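Accompanying notes for the structure given below.
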Amino acid sequence: MSNNTILSDLVDSLKCLPGVGPKSALRLAYHLLQRDRLGANQLSITISKALDKLNACDLCNNFTESKICSLCESTSRDDSLLCIVEMPTDLLMMEQTHSFKGHYYVLMGRLSPLDGIGPKELNLSKLIDRIKKSNFKEIIIATNFTSEGNATAQYIKDILTNTNFKVTRIARGLPMGGEIEYVDSGTLAQALEDRKNI
Ligand code: ZN
């Protein structure tokens with residue numbers, strides 16, 4: 001029966017993937033074991049390598065292999081602009097618009113009191129530290145237009161009230177409840193273009 005234990009461990013582990021329930025986990029496990037053993041091996045190696053080598057950039061909080069990521073180190077970015085996004089995928093989408101040349105900060109999530117994610121869990125003090133030590137003139141908040149994304153934007157805006165930073169929010173060119181990751185780059189570019197004071 002020891003085989004079954006290993007199999008159920010694998011199925012349980014796969015359930016950590018978003019949107020993967022018991023049935024899909026089992027399907028994935030069979031696929032990896034039967035149809036793609038090479039791919040499965042590669043996956044297990046790269047996952048443990050990524051866990052071992054990738055850490056948060058000291059400045060933007062995005063994943064990097066070094067202390068400071070290449071985007072933060074780049075001298076061709078506009079040092080007066082900081083764009084705050086929820087996830088690395090949002091940063092990639094922003095970059096694909098080619099319409100933003102400033103710096104980024106990746107929250108790696110959003111405030112979500114129901115899930116127990118408050119300012120402390122989100123480590124917002126790292127963001128505030130970054131901003132206070134910077135020469136940014138404008139802080140663009142590009143969190144999602146979901147209730148949690150909006151609440152996060154409001155929270156950051158409140159912290160920055162009475163500072164010299166101009167705080168803006170990207171405009172609502174995005175659909176309500178829309179997530180930046182799934183929006184086409186034209187819409188996203190427009191939203192960035194139409195940002196306004198909040
Ligand atoms: Zn960085």
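Each value in this text was obtained by applying a stated rule to the coordinates, not by laboratory testing. Because the structure is a prediction, the values reported are computed rather than measured. Using ideal geometry, Cβ is built from the backbone for each residue, glycine included, and neighbour counts are taken over all protein chains shown.
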Relative contact order of the range 86-132 (C-alpha contacts under 8 Å, at least 6 apart) in percent is 33
Projected onto the charge dipole of the range 1-151 (+1 at Lys/Arg Cβ, -1 at Asp/Glu Cβ, origin at the Cα centre), which of 50, 146, 123 gives the Cα projection farthest towards the positive end? 50
Once the Cα atoms of helix 147-160 and of the chain are each reduced to a long axis, what angle between those two axes, in degrees from 0 to 90 to the nearest 10, is obtained? 40
About its Cα centre, how strong a charge dipole does the range 109-182 have in debye, to the nearest 20, once Lys and Arg get +1 and Asp and Glu get -1 at the Cβ? 420
Can you give the relative contact order of the chain as a percent, counting alpha carbon pairs under 8 Å and 6+ residues apart? 15
List the pairs from 133/166; 132/166; 137/196; 120/196 whose alpha-carbon separation is above 19 Å, in the order I gave them. 120/196
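With r defined as the distance between the Cβ atoms of residue 138 and residue 51 and R0 fixed at 45 Å, what FRET efficiency is calculated, to the nearest 0.05?
Details: r = 35 Å, r/R0 = 0.79.
After rounding to 0.05, the efficiency reads 0.80.
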Residue 176 to residue 96: FRET efficiency via 1/(1 + (r/R0)^6), r the Cβ-Cβ distance, R0 30 Å, to the nearest 0.05? 0.85
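Name the shape class, rounded, prolate or oblate, that the alpha-carbon gyration tensor gives for the range 109-198, where a ≥ b ≥ c are the square roots of its eigenvalues, rounded holds for a/c under 1.5, and otherwise prolate holds if a/b is larger than b/c and oblate otherwise.
Details: a/c = 2.10, a/b = 1.17, b/c = 1.79.
It is oblate, given that a/c is not under 1.5 and a/b is not larger than b/c.
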Looking at the chain only, what percent of DSSP beta bridges run antiparallel? Nearest 5 please. 30
In debye, nearest 20, what is the charge dipole magnitude of the range 1-41 about its Cα centre with +1 on Lys and Arg Cβ and -1 on Asp and Glu Cβ, if you could check? 160
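Suppose every K and R has +1 on its Cβ and every D and E has -1 on its Cβ; what is the size of the dipole of the chain about the Cα centre, in Debye to the nearest 20? Spell out each step's value before the answer.
Numbers: 23 positive and 23 negative charges, 32 e Å.
Dipole magnitude for the chain comes out near 160 debye.
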